[in-house]
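Heads up: the structure comes next, in structure tokens.
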Amino acid sequence: MTLFTDSRKRAPYIFVFPFILSFLIFFLYPVISTLVMSFQEIVPGQVRFIGGTNYKRLLNPQFFTAVKNSLTYMFWTIVVLIPIPMILAVLLNSIPGKKSYLLRGMLFIPALMSVVVVGTIFRLLFASSDMALVNRFVRLFGGEPQAWLLAGSWKSMFLLVLIATWRWTGINIVYFLSGLQQIPQELYEAAEIDGAGPVQKFFRITIPLLKPTTVFVTAISIFGGLAMFEESYILWSAGSPDNSGLTIVRYIYRRGFEAADMGFGSAVGIALLFLVLLISFTFLKITGFFKQERV
Amino acid sequence: MRIIGRKSKVIGFGTVGILTVTGLVFLFPVYALVLAAFRPGQELMRFGITLSTLIPEGLSTENILGLFTARKGAYGFWLRNSIVIMALRTGLSVFFSAFVGYGLGMYEFKGRSFFLSLVLFLMVVPIQILILPLYRMIIGLRLINTVWGVILPFVVYPFAIFFFRQYAVTLPRAFLDAGRIDGVSEIGIFFRIMMPLMIPAFGAMIILVSLQSWNDFLWPLIVMRTEKMFTIPIGLNSLLTPYGNNYDMLLSGAFVATVPIIIVFLLFQRFFISGLSAGSIKG
């Protein structure tokens with residue numbers, strides 16, 4: 001009998017064991033190791049401790065550019081990728097099932113594509129020749145054709161945010177749709193009886209009751225925005241003009257792999273970790289995300 | 001009453017109109033890619049996608065036919081690696097995540113809320129900060145440039161654990177007791193009784209994880225060092241040179257890597273969607 005209850009008590013730990021193992025090997029150990037590396041100078045065949053030198057080296061313009069770009073990108077993805085998908089989801093929710101599914105599918109397809117493929121298409125659409133499609137449109141409206149990818153400044157950020165919008169709108173729509181389905185229909189009916197129009201219903205019922213979803217989507221936009229690497233790498237494999245597309249992860253990659261300076265790269269990684277934890281936990285604390293999550 | 005009906009019909013048409021236009025705008029780049037895959041790469045490289053390349057005329061299947069013979073058949077290797085990695089990673093990752101998630105959802109035990117918080121915490125930490133130490137570890141384990149080097153760090157996947165946990169919470173506990181009375185072990189109950197009940201959850205996660213694996217970029221870029229070991233995204237990326245001499249292969253390769261996924265999506269749209277909405281909160 002004791003054996004019987006024992007196995008019952010042990011069972012949950014057997015189930016959780018793969019997670020513990022993987023957490024220790026592939027998370028805790030690397031975190032400690034990157035922390036240690038951030039205080040070291042690592043050249044092939046030689047490792048030595050150099051105290052806080054790597055952290056002092058963080059105070060350089062490239063690092064600040066990387067942080068600024070990551071934050072700017074995060075900001076714009078939130079500004080664009082919350083309201084647009086929310087409105088589209090409300091519209092999709094208001095039309096009958098079959099049509100709605102087809103349209104959802106159309107909006108979702110970009111999310112299926114590899115970032116390499118996406119980057120290739122956008123490179124071709126935004127090619128610098130006068131004939132290329134986007135420049136053709138620019139000329140049609142009386143503007144100057146641009147070398148979009150080479151021009152730097154706001155054009156780089158514009159391309160990155162545009163690609164993000166194209167790729168993630170469909171996914172955020174899915175999130176908002178599942179949020180909308182949880183709003184009780186009676187609320188709308190009651191509001192209609194009180195004479196509320198569609199706009200009033202949207203602002204008074206939909207937006208407040210979608211808050212959990214909005215918080216969730218904002219949270220993933222924060223993490224995704226700060227961790228962005230691929231889009232920048234695909235558009236500017238050799239480095240962007242004036243570092244206009246340099247992000248924090250890109251900077252880790254550049255210092256750690258391209259310049260084989262793993263100690264400094266690790267210091268950048270730790271800085272990013274702190275930045276993410278600071279921003280996301282402040283955000284989650286304010287919005288009470290963790291309380292809702294624990295059903 | 002009739003007036004209201006007519007008005008709402010007009011609004012309905014307007015809504016469908018707006019959504020259709022938006023949908024077409026979103027599909028446009030895909031259309032452009034499909035046509036580009038059937039055109040000479042040199043020309044596209046020089047002028048980009050122009051109005052005339054958007055007219056489906058003068059297309060040739062040359063690029064697609066040459067895809068598997070170009071560069072000594074490199075694309076065949078990339079395709080094989082992508083498929084092997086996708087199959088192994090999806091199988092292992094979905095299984096282990098279901099295993100853990102079930103344990104967290106089904107049992108009351110000491111430390112449960114700690115483990116659950118840990119899973120949630122890992123969902124918000126960007127794994128990209130760990131690429132340098134993970135890279136050194138993979139070198140130390142002699143897994144660099146191997147399929148296992150790409151797969152192992154991500155076998156236990158916090159997002160999927162959380163998804164399965166949410167699903168397991170809804171499973172009928174009576175089955176657990178019934179299994180126990182019949183003398184089935186706790187692990188046996190998971191395999192023989194509960195796993196079949198979780199099939200919809202498996203469907204959603206299999207699709208989501210395969211998609212992520214298929215399109216994964218940063219980690220395979222670091223682990224795979226030789227052309228023969230590249231996955232499709234890494235291989236295509238290696239063709240993105242400023243000289244554009246590989247655009248034939250790049251565009252047809254992008255086409256072949258994308259279109260099957262879109263078809264699979266259209267067939268299993270429901271599972272894709274439920275897999276995704278899993279992460280959001282149940283109110």
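The values are calculated or read from the model by the stated rules, or taken from the named source; none is laboratory data. All figures in this text were calculated on a predicted structure; none of them were measured in a lab. Neighbour counts run over all protein chains shown; Cβ positions are idealised from the backbone, glycine included.
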Collect the residues in the range B:45-90 that are of a type in the set (S, T, Y), assigned to a helix (DSSP H, G or I) and free of Cβ contacts under 8 Å to residues at least 60 places away in the same chain, keeping them in residue-number order. B:S52, B:T53
Going by the structure shown, is A:S128 within 7 Å of chain B (Cβ to nearest Cβ) and either small (G, A, S) or out of contact with any strand residue (DSSP E or B) (no Cβ under 7 Å at 6 or more places or on another chain) (or both)? no
Restricting the range A:218-232 to residues that are more than 8 Å from chain B (Cβ to nearest Cβ), part of a helix (DSSP H, G or I) and not charged (D, E, K, R), the residue that is nearest to A:I183 (Cα to Cα): A:T218
With the structure loaded, tell me whether B:V150 is within 7 Å of chain A (Cβ to nearest Cβ), under 25 Å from B:Q212 (Cα atoms) and part of a helix (DSSP H, G or I) or whether it fails that test. no
Could you check how many residues of the range A:235-275 are within 11 Å of chain B (Cβ to nearest Cβ) and not aromatic (F, W, Y)? 24
Which condition breaks for A:K98 when tested against (1) over 26 Å from the mean Cα position of the chain (by Cα); (2) in contact (Cβ under 8 Å) with a residue 12 or more places away in the chain; (3) within 30 Å of B:F13 (Cα to Cα)? (2)
Would you confirm whether or not the range A:90-108 contains a residue that is assigned to a helix (DSSP H, G or I), surrounded by 17 or more Cβ atoms within 10 Å (Cβ to Cβ) and aromatic (F, W, Y)? yes
Members of the range A:235-260 found to be buried (at least 24 other Cβ atoms within 10 Å of the Cβ) and assigned to a helix (DSSP H, G or I), listed by number: A:I248, A:V249, A:R250, A:Y251, A:I252, A:R255, A:G256
Sort out which residues of the range B:155-189 are surrounded by 13 or more Cβ atoms within 10 Å (Cβ to Cβ) and assigned to a loop (DSSP other than H, G, I, E, B), and write them in order of number. B:V155, B:V156, B:Y157, B:L171, B:V184, B:S185
If you scan the range B:88-115, which residues turn out to be facing chain A (nearest Cβ under 7 Å) and within 30 Å of A:S38 (Cα to Cα)? B:F115
Residue in the range A:145-156 that is touching a Gly at 6+ places or on another chain (Cβ under 9 Å) and of a type in the set (D, E, K, R) present: no
Quick one: A:V268 ticks every box in (1) in a helix (DSSP H, G or I); (2) modelled with pLDDT under 90; (3) among the hydrophobic types (A, V, I, L, M, F, W, C); (4) within 25 Å of A:L71 (Cβ to Cβ) bar one, so which box is it? (2)
Inspect all residues belonging to the range B:136-145 and state whether any of them is within 11 Å of chain A (Cβ to nearest Cβ), outside any helix (DSSP H, G or I) and over 30 Å from A:L278 (Cα atoms). yes
Output yes when any residue across the range A:189-201 is within 11 Å of chain B (Cβ to nearest Cβ), part of a helix (DSSP H, G or I) and of a type in the set (K, R), and no when none is. no
Given the options B:G91, B:G103, B:G73, name the one that is over 18 Å from B:A160 (Cα atoms) and either surrounded by fewer than 19 Cβ atoms within 10 Å (Cβ to Cβ) or in the same structural domain as B:L250 (by TED's automatic domain parsing) (or both). B:G73
Please specify each residue of the range B:190-219 satisfying the condition of being part of a helix (DSSP H, G or I) and facing chain A (nearest Cβ under 10 Å). B:F190, B:L211, B:W214, B:N215, B:L218
